[in-house]
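Values quoted throughout were computed directly from the atomic coordinates according to the rules given, and no laboratory measurement underlies them. As the structure is a prediction and not an experimental result, all values here were calculated from the model. Heads up, the Cβs are rebuilt from the backbone with ideal geometry, glycines too, and the neighbour counts pull from every protein chain shown.
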There are 2 protein chains.
Amino acid sequence: MTESSKPILYSYFQSSCSWRVRIALALKSIDYETIPINLIKDQGQQFSQEFQALNPMKQVPTLKIDGITISQSLAIIEFLEETRPTPCLLPQDPKKRAQVRMISDTIASGIQPLQNLSVLKQVGQENQLTWAQKVIHTGFNALEQILRSTAGKYCVGDEVSMADLCLVPQVANAERFKVDLTPYPTISRINKTLLALEAFQVSHPCRQPDTPPELRA
Amino acid sequence: MTESSKPILYSYFQSSCSWRVRIALALKSIDYETIPINLIKDQGQQFSQEFQALNPMKQVPTLKIDGITISQSLAIIEFLEETRPTPCLLPQDPKKRAQVRMISDTIASGIQPLQNLSVLKQVGQENQLTWAQKVIHTGFNALEQILRSTAGKYCVGDEVSMADLCLVPQVANAERFKVDLTPYPTISRINKTLLALEAFQVSHPCRQPDTPPELRA
């Protein structure tokens with residue numbers, strides 16, 4: 001009973017969707033406990049009966065908070081925003097909020113799902129890299145064009161928003177899949193600026209409780 | 001200059017993401033003009049220079065409204081909700097809102113992107129049906145389990161929400177891919193109830209300006 005009030009994040013260090021939520025938790029200074037779900041070990045711990053009961057989609061992240069269990073990273077971030085509004089991750093102006101959500105959804109629906117582990121398994125080992133690179137190039141071409149009209153210091157203007165929480169983990173995926181980022185100067189510039197912020201550093205895949213020693217930094 | 005104040009929806013009759021937005025526009029009684037973007041004709045009208053300038057992701061829907069252009073169906077619906085709140089498509093309670101967004105994102109990030117046209121092209125003609133069915137079964141197994149704890153008359157309680165706007169078009173996709181819906185009684189029941197509502201009928205793929213005569217009803 002002792003820790004019933006502390007949120008629990010089911011997370012995998014290398015999951016880009018988990019990283020989005022970890023950044024939100026860090027920015028909002030929300031203290032939480034991590035329960036690692038290893039997506040590879042034991043043929044995928046997300047497929048265990050216990051975890052499926054928490055998240056029938058068998059994916060991370062999942063957050064237990066305020067007596068409920070929420071899955072889907074953007075739904076989690078919107079909940080945190082509504083219940084812990086400071087610092088805010090959505091601008092006040094509805095038009096700017098629409099831009100933030102458009103960029104977030106472009107990544108969360110238009111890029112990441114097409115290069116995640118379960119899809120890559122389907123396309124077969126020999127095609128994985130080509131497939132992932134193609135998906136990310138298509139998405140980043142669009143994103144670069146969108147950001148040219150929305151970005152200031154960050155994705156939308158000069159305040160960190162939900163869009164930035166999606167961008168950085170997606171760029172990390174791109175790097176993992178050896179995508180050449182030269183054609184995307186705006187994406188690269190914003191990514192670099194964000195990575196200098198503490199919330200993006202403490203939440204980084206190389207610093208999680210379940211990060212293997214050889215990947216720690 | 002005459003119609004500059006009327007929203008313009010770039011839509012394809014059979015696009016499930018376009019249908020989500022059409023339902024929102026109908027529910028909120030927003031008068032709009034449709035510009036059809038045929039995703040198949042002319043090797044895909046979404047690839048034209050003109051359309052790419054509006055939506056670099058080369059996807060429908062895209063909505064021009066209030067002087068801005070928004071892509072990504074859920075970003076559009078959230079904008080409509082914030083600027084035209086009646087009738088509301090998100091509950092007042094943050095926990096219920098989280099459930100609505102979790103269900104919406106499960107469909108919009110977890111199911112639809114994996115069975116959309118551009119992915120099916122990649123997996124090859126002979127594998128398309130099997131691929132789409134597998135993706136939808138995985139998603140619907142999860143959704144059925146989630147809905148068993150959130151649903152009333154509709155996906156979350158007894159009020160129509162954004163989750164319902166995602167559910168009905170996804171069930172139509174399932175039917176198009178000949179998915180057996182017997183294992184999903186909750187999904188099927190909610191879908192049937194929703195299809196009886198006028199907003200779901202006027203926005204239906206069989207009744208759009210670009211619906212081919214042979215598919216009209």
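Figures for the structure shown
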{"quantity": "Loop-located GluC sites (Glu not before Pro) in the stretch B:1-71 whose Cβ has at most 10 other Cβ within 10 Å (DSSP)", "calculated": "B:Glu3"}
{"quantity": "For the stretch A:94-200, size of Cβ-based charge dipole, Lys and Arg +1, Asp and Glu -1, in debye", "calculated": "200"}
{"quantity": "7 Å along Cα→Cβ, label-point gaps from A:Leu129 to other copies, nm, shortest first", "calculated": "3.6"}
{"quantity": "Unit charges on C-beta of K, R, D, E only; dipole of the stretch B:64-120, Debye", "calculated": "100"}
{"quantity": "Reachable lysines, given that their alpha-carbon falls under 19 Å from the alpha-carbon of B:Lys28 and they are not under 8 places away in the same chain", "calculated": "A:Lys95, B:Lys6, B:Lys64"}
{"quantity": "Cα-based equivalent ellipsoid, chain A: semi-axes from gyration tensor eigenvalues, Å", "calculated": "26, 23, 15"}
{"quantity": "Label point 7 Å beyond Cα along the C-beta direction, distances from B:Cys206 to other copies (nm, shortest first)", "calculated": "5.7"}
{"quantity": "Protection proxy ranking of A:60-67, B:96-103 - average other beta-carbon atoms within 10 Å, highest first", "calculated": "B:96-103, A:60-67"}
{"quantity": "Cα centroid separation - the stretch B:140-158 against the stretch A:38-87, whole Å", "calculated": "17"}
{"quantity": "Per-residue mean of C-beta atoms belonging to partner chains within 10 Å, peptide B:78-91", "calculated": "2"}
{"quantity": "Nearby aspartates and glutamates by direct alpha-carbon distance to B:Lys41 (threshold 17 angstrom, same-chain neighbours under 8 apart not counted)", "calculated": "B:Glu50, B:Asp210, B:Glu214"}
{"quantity": "Two-site FRET efficiency, B:Gln49 against A:Asp210, from Cβ-Cβ distance with R₀ of 51 Å, rounded to 0.05", "calculated": "0.65"}
{"quantity": "Shortest-first distances to equivalent copies, position A:Thr182, nm, label 7 Å out along Cβ", "calculated": "5.7"}
{"quantity": "Residue among A:Asn55, A:Ala24, A:Thr34 farthest towards the positive dipole end of the stretch A:1-117, charges placed on Cβ", "calculated": "A:Ala24"}
{"quantity": "Spatially near lysine pairs across the stretch A:117-217, Cα under 19 Å, sequence gap of 8 or more or different chains", "calculated": "5"}
{"quantity": "Length released on extending from B:Lys134 to B:Ser29, taking residue separation times 0.36 nm less the Cα-Cα span", "calculated": "34.2 nm"}
{"quantity": "Charge-dipole axis of the stretch B:116-212 as Lys and Arg at +1 and Asp and Glu at -1 on Cβ define it, positive-most pick from B:Thr130, B:Gln208, B:Leu167", "calculated": "B:Thr130"}
{"quantity": "Long-range amide H partners of A:Val60 with built H, under 5 Å", "calculated": "none"}
{"quantity": "Partner chain coverage, peptide B:92-102 - average Cβ within 10 angstrom", "calculated": "6"}
{"quantity": "Lys, Arg +1 and Asp, Glu -1 on Cβ, resulting dipole of the stretch B:160-207 about Cα centre, debye, nearest 20", "calculated": "100"}
